[in-house]
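The values are calculated or read from the model by the stated rules, or taken from the named source; none is laboratory data. Values in this document were obtained by computation on a predicted structure and should not be read as measured data. Because the Cβ atoms are built from the backbone with ideal geometry, glycine has one as well, and the counts that use them run over all protein chains shown.
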Amino acid sequence: SGFLFIFIRTMDGVNEVGEVKVSRLQMEGENEDKTPPEHKVEEEKYLPSLWTFLFLPELVCKLYRFQTEDHRWLLVREQLSETPLSFSLPKQLLSALIHEHANRVQEVKELGDLSPHWDGLRRREHLQFVPTNLHSQRMEVTSPDSVWYEVITFGAPADHHQAFKHGGLKKLLSKHTNHRDSSVSYSQDESSRARELLASVAQLQPLVFGLAEELGNFNSSSSVSSLCLGFIQTEQFVHALKDELVKSALMAIHHQCRANCNSSHVHSNGLLCENSPVSQDGQPPLGHQDVARWDAEYDEEEWDRAWANVAKILNCIVVMVDRDLIGRLVRSVIKAEKLKRCPSPPASPSRSSSSASSWQEQLLPLVVTLRDCVREAVVKARAAMTFVILQGAVAPTVGRGPVQIVQRRHAVFSQALSALVCGFMLKLYGGLEDPDFLQQLLSVGVLAQFESLLSTYGDEVGMLEDMDVGVADLSKVVFTVTEAKTEQQDDLLPTGSFVVKVPLPPETFRSLPQELKEGRLIRVLPVLFNIGINQQQSLVCRKANGVRLTSCKSAKDRTAMSVTLEQCVLLRERHTLCQQHFSSALDCMRRDGCRMENVQKNVGNRKFAFSSVQLLTFPKLYRPPDGSYG
């Protein structure tokens with residue numbers, strides 16, 4: 001009981017190289033401060049087995065010892081870790097988006113290792129969905145009980161690939177409000193009707209053409225019943241074409257073509273250009289001339305005439321066929337009466353044959369016209385119903401603007417989601433034995449407090465606009481806890497898109513409340529504070545067991561100032577760090593702590609990217625120590 005065990009490790013605090021046993025060690029002012037043996041420094045204690053899969057093994061550790069107001073000593077361990085979630089979550093979200101896009105394309109037809117240089121790579125297209133410099137910053141304080149504090153640091157979720165020449169998502173979406181309001185949309189019922197009509201047209205068109213073929217070859221030996229069936233099917237075809245949805249869809253296509261030709265087009269950057277393109281001679285391009293010509297010739301009654309022509313031609317044919325059948329019946333009756341009165345040899349068929357030939361000559365033009373009218377009506381109906389189906393398919397995204405804005409929003413959401421999931425998993429694993437926390441998840445969900453350190457100048461305005469929309473979109477996310485199949489890393493990483501499934505080892509899962517085990521959804525309540533200099537929002541977040549996330553442009557310089565200040569404030573307010581040692585502790589963490597290692601990883605040197613002029617505008621507590629910037 002009188003021994004102190006000291007485990008000697010490498011400077012990064014990871015590898016253990018030896019052990020020193022000291023007897024009867026006593027520091028000045030520590031007569032009453034006895035450290036019980038259960039508080040030995042052990043790796044298993046700092047990294048519980050449940051957390052090891054969540055972080056990569058190359059973590060950075062720093063150890064500090066600070067004096068408290070009552071002359072005791074605080075043992076502080078600072079830890080910075082990367083996480084495989086930086087890539088696994090964006091990959092899963094991209095897979096879901098690709099699957100959704102592939103399904104849409106099909107409908108139209110039927111109708112690794114983390115890079116150490118984040119700062120320079122975030123503009124590359126293939127990293128568009130990956131969060132910048134995502135790390136978990138954790139601090140353990142032993143005084144005498146062990147307490148952990150976490151904050152997730154990452155570059156502000158923003159689309160650096162598309163850049164910010166025209167602003168961020170908030171500005172781009174506001175520019176497209178009018179475009180969104182003017183777009184045509186259809187309900188699920190209308191889309192279903194369009195599919196049914198397409199199926200009817202596809203089924204009935206060959207039958208109508210078959211009727212026309214049969215009429216062309218009609219003679220006295222033809223089956224009257226099959227002819228009647230053909231007429232009934234053609235009547236069904238005409239009735240299907242009378243649907244008002246076809247007429248309204250053709251009008252919508254008409255208005256869309258006119259709008260696209262005369263008012264605007266969309267640039268690759270997602271902005272609407274209000275002037276239509278013109279050629280050097282002042283005329284619209286050839287394609288636009290064609291659309292304008294079609295636009296000028298179209299009127300509301302065109303579709304009514306198209307299906308009405310089919311009905312009129314069909315009626316004419318029915319009248320002719322009925323007249324011929326009645327004529328045949330009358331002639332057969334007269335012939336039978338004559339045979340009863342005076343039997344004689346059968347008459348020559350020449351007159352009957354010439355009569356049938358003359359009737360077919362009169363019928364043939366009507367049959368040809370019927371085929372042409374049906375073909376024209378089918379083309380228009382297919383175009384209209386395909387338009388309805390496609391508008392219904394893209395309705396969830398067309399309101400968000402052009403494809404570039406949709407992709408930008410997905411990329412920003414992917415970055416924000418990865419950081420949120422990392423923070424939620426840390427918070428969940430840390431609170432598994434806290435019944436109040438688990439009950440809070442069931443009743444109100446989890447608070448996710450994003451702290452932004454972005455300015456409102458230059459490109460950072462666009463980043464802030466991206467982050468604002470990305471954080472708001474996280475309100476659509478819910479978590480659910482599942483039982484992992486095994487304790488392998490692949491089975492313990494979360495899955496899902498907007499419902500994120502967080503697996504737990506079987507033994508841990510069985511200890512959860514029954515409602516969580518049954519898959520009760522956990523809501524996310526995201527909030528964003530920009531340039532929050534005081535600590536009020538951070539204190540509220542921690543008291544509410546929320547997830548803390550801090551961002552600047554690259555989570556490197558300003559984030560380091562914020563995180564280290566928050567850690568020292570926690571030591572002062574909750575662990576009685578001596579006030580006269582507050583500034584030295586803050587400088588120590590900034591000069592030699594984990595955040596300096598993060599700077600080294602990102603840019604290859606150990607200097608925060610601040611200038612002397614820039615620091616004049618910083619609050620005193622946000623300024624780095626001399627020699628640590630430049």
Quiz item: If you scan the stretch 423-475, which residues turn out to be among the aromatic types (Phe, Trp, Tyr) and at pLDDT 90 or above?
Solution: PHE424, PHE437, PHE450
Self-check item: First in the stretch 306-322 and under 26 Å from LEU250 (Cα atoms) and assigned to a helix (DSSP H, G or I), second anywhere and of a type in the set (Lys, Arg) and modelled with pLDDT of 75 or more, Cβ under 8 Å, 6 or more apart
Solution: ALA306/LYS380
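Per-residue answers, yes or no, for (1) more than 40 Å from the chain's Cα centre (by Cα); (2) over 27 Å from ASP70 (Cβ atoms):
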{"residue": "SER538", "(1), (2)": "no, no"}
{"residue": "CYS552", "(1), (2)": "no, yes"}
{"residue": "THR559", "(1), (2)": "no, yes"}
{"residue": "LEU565", "(1), (2)": "no, no"}
{"residue": "CYS568", "(1), (2)": "no, no"}
{"residue": "PHE582", "(1), (2)": "yes, no"}
{"residue": "ALA585", "(1), (2)": "yes, no"}
{"residue": "ARG590", "(1), (2)": "no, no"}
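Residue by residue, here is whether (1) touching a strand residue (DSSP E or B) at 6+ places or on another chain (Cβ under 7 Å); (2) in the same structural domain as VAL446 (by TED's automatic domain parsing); (3) small (Gly, Ala, Ser) holds:
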| site | (1), (2), (3) |
| --- | --- |
| ASN530 | yes, yes, no |
| LYS543 | no, yes, no |
| SER554 | no, yes, yes |
| ALA585 | yes, no, yes |
| CYS588 | yes, no, no |
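Quick check: anything in the stretch 597-620 under 18 Å from VAL141 (Cβ atoms) and crowded, with 18+ Cβ neighbours inside 10 Å? Before the answer, list the steps.
Here is the first cut: in the stretch 597-620, the ones under 18 Å from VAL141 (Cβ atoms) are none.
There is no residue in the stretch 597-620 that is under 18 Å from VAL141 (Cβ atoms) and crowded, with 18+ Cβ neighbours inside 10 Å.
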Quiz item: For the subset of the stretch 503-521 comprising residues that are in contact with a Ser or Thr (Cβ under 7 Å, 6 or more places away or on another chain) and closer than 22 Å to SER418 by Cβ, which member is surrounded by the most Cβ atoms within 10 Å (Cβ to Cβ)?
Solution: PRO503
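Out of SER538, SER562, report the one residue that is assigned to a helix (DSSP H, G or I), of a type in the set (Ser, Thr, Tyr) and in contact with a Lys or Arg (Cβ under 7 Å, 6 or more places away or on another chain). Walk me through it before giving the result.
Working: SER562 fails: in contact with a Lys or Arg (Cβ under 7 Å, 6 or more places away or on another chain).
From the options SER538, SER562, the qualifying one is SER538.
So that you can scan it fast, the table gives a plain yes or no per residue for (1) at positive phi; (2) among the charged types (D, E, K, R); (3) at pLDDT 85 or above:
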position: GLU487; (1), (2), (3): no, yes, no
position: LEU493; (1), (2), (3): no, no, no
position: SER497; (1), (2), (3): no, no, no
position: ARG510; (1), (2), (3): no, yes, yes
position: ILE522; (1), (2), (3): no, no, yes
position: ILE533; (1), (2), (3): no, no, no
position: GLN536; (1), (2), (3): no, no, no
